[in-house]
Amino acid sequence: MTRGAHGQAAYTRRLDWGLAGALALVADARPGDVAVVVDVLSFTTTLTVAAEQGVVVHPYPWHLEGAPAYAAARDATLAAGRREGLADGSVSLSPASFAGVTGVDRVVLPSPNGSAIAFALADTGVTVVGASLRNAPAVGRWLKVRPAARVCVVAAGERWPDGELRPAVEDLWGAGAVLAQLGETGLSPEATAAVAAFRSVEGRLTDELRECASGRELVEDGFATDVDVAAAYGVSGVVPVLVGDAFVAGRDT
């Protein structure tokens, strides 16, 4: 067992960061355990919006060779990066690109953080769920009807240019938003801190998302709409669940 898994092994509600943290959290997984991936700006927000539209989403690591072939083998559209030029009707890592989308039933959605983490967790034996601020209450309700499950919440974070993890406060808020639905029993200190962080901004999520480092970067790059889409707390009842290699839209009951 890794050091990270051992440190929170006594708790049924856990939190850690990034891919290494995700794999540590599930190192002692048993059938029925759940890993909740949170990448607010933007994989899991984009995933939530896509699921709201009935789109099946295949996670995939960022810039991994073979993405076009992977998409073709699944008769899926390969989503572009957020900052790539898009033709009308195409989709990208931007959640706004999926609003009202038509003609896209299945998509491969690469990202360097949330998508890569979900892809890596697919074969670990846990149930993988995607959570954002948009569907955090719904994910919480979904978890509450599975009380025997140990819940491992993964704040995806960002990446520095050298590839090192850059913790992202918006993912801490999103993780806390999910954990806040589950009560205080079984929370690790890390999970408790995430709940407190979410509670501290709960009434002003749009403003705080626009002012945090990742949000400011998006606003300055012309993606303020993506930040606002991500800040729409509790508007969605969709719970994306990874089935095989694709997220399908479940509901909160």
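Where a number appears in this text, it was derived from the coordinates with a stated rule and is not lab data. Since the model is a prediction, treat every value here as computed from it, not as a measurement. Because the Cβ atoms are built from the backbone with ideal geometry, glycine has one as well, and the counts that use them run over all protein chains shown.
Taking the alpha-carbon set of the stretch 122-253, what are its Rg and Dmax in Å?
Cα only, the stretch 122-253: 15.0, 44 Å (Rg, Dmax).
Taking a ≥ b ≥ c as the square roots of the eigenvalues of the Cα gyration tensor of the stretch 98-154, is the shape rounded (a/c under 1.5), prolate (a/b larger than b/c) or oblate?
In terms of gyration-tensor shape, oblate.
Rounded, prolate or oblate: which fits the stretch 195-246, taking a ≥ b ≥ c as square roots of the Cα gyration tensor eigenvalues, rounded meaning a/c under 1.5, else prolate when a/b beats b/c?
On the way: a/c = 2.20, a/b = 1.37, b/c = 1.61.
The shape class here is oblate.
Given contacts defined as C-alpha pairs under 8 Å and at least six residues apart, what's the relative contact order of the stretch 180-253, whole-number percent?
17 percent
Looking at the chain, identify the longest residue range that excludes and avoids all GluC sites (Glu not before Pro) in DSSP loops having at most 15 other Cβ atoms within 10 Å. It would help to have the intermediate numbers written out before the result.
Numbers: sites that count: 65, 84, 164, 184.
Result for the longest clean stretch: 85-163.
What FRET efficiency would be calculated for the residue pair residue 72, residue 243, taking the C-beta separation as r and a Förster radius of 25 Å, to the nearest 0.05?
Given R0 = 25 Å and the Cβ-Cβ separation, E is 0.75.
Using the beta-carbon distance between residue 193 and residue 148 and R0 = 25 Å, what value does 1/(1 + (r/R0)^6) give for FRET efficiency, to the nearest 0.05?
It comes to 0.50.
Note down the relative contact order for the chain as a percent, whole number, built from C-alpha pairs under 8 angstrom at least six residues apart.
Computed over the chain, the figure is 30 percent.
Mark the label point 7 Å from the Cα of residue 30 along Cα→Cβ and return the residues of the stretch 120-150 whose backbone N is within less than 16 Å of it.
Output list for this probe position: 125-127, 146-150.
Sum -39500 (n - 2.57) across every DSSP H segment of at least 4 residues in the chain, then divide by the residue count to get the 222 nm mean residue ellipticity, nearest 500. Kindly include the intermediate steps, with their values, before the conclusion.
Details: 11 runs with 93 residues, N = 253.
After summing the helix terms and dividing by residue count, I get -10000 deg cm²/dmol.
Which listed residue (96, 235, 167) has the Cα farthest towards the positive end of the charge dipole for the chain, taking +1 on Lys and Arg C-beta and -1 on Asp and Glu C-beta about the Cα centre?
Positive-most Cα among the choices belongs to 235.
Provide the gained length on full extension for the span residue 122 to residue 202, in nm with one decimal, where the gain is 0.36 nm per separating residue minus the Cα-Cα distance. Each step should come with its number before you reach the end.
Values: separation 80, 0.36 × 80 = 28.80 nm, distance 3.11 nm.
Result: 25.7 nm gained on full extension.
If you average the C-alpha positions of the stretch 1-77 and of the stretch 107-125 separately, how far apart do those two centres end up, in angstrom?
5 Å
Tell me which of 35, 49, 9 sits at the most positive position along the dipole axis of the stretch 1-72, charges placed on C-beta atoms (Lys, Arg +1; Asp, Glu -1).
Selected residue: 9.
Only Lys, Arg, Asp and Glu count, each charged at its Cβ (+1, +1, -1, -1), so figure out the dipole size of the chain about its Cα centre, rounded to 20 debye.
820 debye
How much length is gained on full extension from residue 210 to residue 185, taking 0.36 nm per residue of separation minus their Cα-Cα distance?
Length gained, residue 210 through residue 185: 5.8 nm.
At q = 0.17 Å⁻¹, what log₁₀ I(q)/I(0) does a Debye calculation on the Cα points of the chain give, no solvent, two decimals?
Debye intensities relative to I(0), on a log10 scale: -1.29.
Rg(Cα) of the stretch 1-147 divided by 2.2 N^0.38 Å?
The stretch 1-147 yields a ratio of 1.08.
Please state the charge dipole magnitude for the stretch 117-253, taken about the Cα centre, from unit charges on C-beta atoms (+1 on K and R, -1 on D and E), reported in debye and rounded to the nearest 20.
740 debye
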